[in-house]
Number of protein chains: 2
Amino acid sequence: MKKISESAVRRLSLYLRFLQEAAATGAETISSGELARRGGTTSAQVRKDLSLFGSFGKRGMGYSVRELLREIRSILGLTRPWHVAVVGAGRLGSALSSFRDFEARGFDIRAVFDADPAKIGQSWGGLTVLPDEAMDRTLREQNVDIAIVAVPAEAAQGVVDRVVAAGVRAVLNFAPARLRVPRGVTLRNVDVTLELEGLSFALVNGKA
Amino acid sequence: MKKISESAVRRLSLYLRFLQEAAATGAETISSGELARRGGTTSAQVRKDLSLFGSFGKRGMGYSVRELLREIRSILGLTRPWHVAVVGAGRLGSALSSFRDFEARGFDIRAVFDADPAKIGQSWGGLTVLPDEAMDRTLREQNVDIAIVAVPAEAAQGVVDRVVAAGVRAVLNFAPARLRVPRGVTLRNVDVTLELEGLSFALVNGKA
């Protein structure tokens with residue numbers, strides 16, 4: 001497969017949602033124009049994105065919703081559930097652990113950890129907050145694929161080092177810190193302050 | 001000023017943090033190499049980013065930390081505080097409202113809104129959760145610049161339409177929905193499921 005940019009992967013996720021919505025309304029086909037309009041891009045971009053993976057559409061007929069759904073799910077690795085652990089049981093960790101959307105989309109939260117004795121043992125929607133000491137063993141036992149890091153900035157690198165040592169190969173970091181991961185481990189950062197600063201820039205520079 | 005890409009603005013935010021950390025340790029100068037190393041980019045990229053705004057560094061001397069801090073803060077519009085409102089007082093809204101980092105970085109949360117009578121009137125760190133009906137008036141009275149949308153997907157477009165009608169020109173959306181804003185309003189989306197799907201893609205495609 002050709003190298004695919006992060007932004008192309010992002011668009012595939014969006015197409016997947018539109019396809020799921022289309023499927024829910026009973027639609028059997030969808031045009032590149034419709035996918036483009038909803039994804040805020042062009043038909044040419046949609047066709048280019050989808051052509052990376054082979055040829056799905058028939059000219060003038062649009063894409064089969066069912067077929068395209070199956071293909072994109074397969075490309076994105078969503079044909080199997082992923083095991084997720086949340087490290088940090090503060091407000092953010094709590095919010096993330098309760099996202100109904102995650103499980104519906106195949107991200108199954110298997111464990112929540114915290115270092116704070118006041119939080120350990122609390123029950124969160126079927127999960128019990130576990131102490132940090134249980135992390136290594138639990139991550140392995142639960143075959144955790146993805147760790148969500150929701151701890152303070154100063155603790156984040158230590159957490160990442162531990163989850164990586166326990167075999168986790170994908171990390172979604174919410175701590176406002178630049179983290180290092182070894183080769184073979186994928187790190188994504190969600191940095192809300194940075195997004196706000198982007199908005200600030202747009203406000204003063206009149207860019208929308 | 002030349003057109004600046006979203007990713008360049010993102011890097012400026014990161015440079016700003018490194019400069020603040022450098023200033024905190026008493027450093028007076030910083031090299032493009034140091035900024036590059038910490039930002040995961042190249043010295044050439046750093047020099048290019050900073051040259052967009054004029055000439056700060058002296059060859060072989062590095063950049064003045066104080067001067068560069070001041071310039072980047074000015075470029076990003078961070079020389080004044082921004083007024084922020086959070087719409088949606090669920091777990092995520094609660095987590096966002098309590099981020100200490102926001103106020104420290106000039107994003108001052110002035111109001112929190114919710115439609116749920118059980119949440120209205122609750123006190124959150126000096127703020128009282130206000131009913132939706134108070135939104136229009138409060139956004140204007142508090143001169144809110146930025147709205148953070150933390151409501152369910154199906155309610156998000158309605159909220160955006162209301163805050164925009166009340167004069168808000170920047171929106172940070174956490175709802176898993178594609179929203180429309182009129183020209184002149186900037187929208188950024190933080191979509192956690194999409195980030196997880198990007199990690200899923202990386203896990204199955206061996207891309208790190």
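Rule-based calculations on the coordinates, nothing more; no lab input. Note that the coordinates shown come from a computational prediction; the quantities given were computed from them, not determined experimentally. Because the Cβ atoms are built from the backbone with ideal geometry, glycine has one as well, and the counts that use them run over all protein chains shown.
Annotations for the structure displayed:
- Cβ-Cβ distance of A:Ala44 and A:Arg183, R₀ of 25 Å, FRET efficiency by 1/(1 + (r/R0)^6): the value works out to about 0.10.
- Highest-fluctuation residue, A:Arg70, A:Arg140, A:Arg37 considered, GNM on chain A with Cα pairs under 10 Å: A:Arg37
- Residue and distance (whole Å) for the chain A Cβ nearest the axis that superposes A on B: A:Ala95, 2
- Least to most buried among B:Lys119, B:Lys48, A:Lys3 (fewest other Cβ within 10 Å first): A:Lys3, B:Lys48, B:Lys119
- Across the identical copies, how the A:Gly33 labels are spaced - nm, sorted shortest first, 7 Å along Cα→Cβ: 5.6
- Degrees between helix A:6-24 axis and first principal axis of chain A (Cα, 0 to 90, nearest 10): 70
- Taking the label point 7 Å along Cα→Cβ, B:Ala118 and its counterparts in the other copies are spaced 2.3 nm apart, in ascending order.
- Modelled spin-label separation between A:Asp108 and B:Arg140, with each label point placed 7 Å from Cα along the Cα-to-Cβ direction: 5.2 nm.
- Nearest 10 degrees, 0 to 90: helix A:65-75 Cα axis against chain A principal axis: 40
- For chain A, the calculated P(r) over all alpha carbon pairs, in 5 Å bins from 0 to the bin holding the longest distance, is 1, 6, 13, 15, 15, 13, 13, 11, 8, 4, 1, 0, 0 percent.
- Per-residue ellipticity at 222 nm, computed for chain A from helices alone with -39500 (n - 2.57) per DSSP H run of at least four residues, works out to -13500 deg cm²/dmol.
- The Cα center of region B:59-128 and the Cα center of region A:141-205 differ in position by 20 Å.
- Against the main long axis of the alpha-carbon atoms of chain A, helix A:192-205 sits at an angle near 50°.
- Shortest-first nm distances, A:Leu179 label point to equivalent points in other copies (7 Å, Cα→Cβ): 2.7
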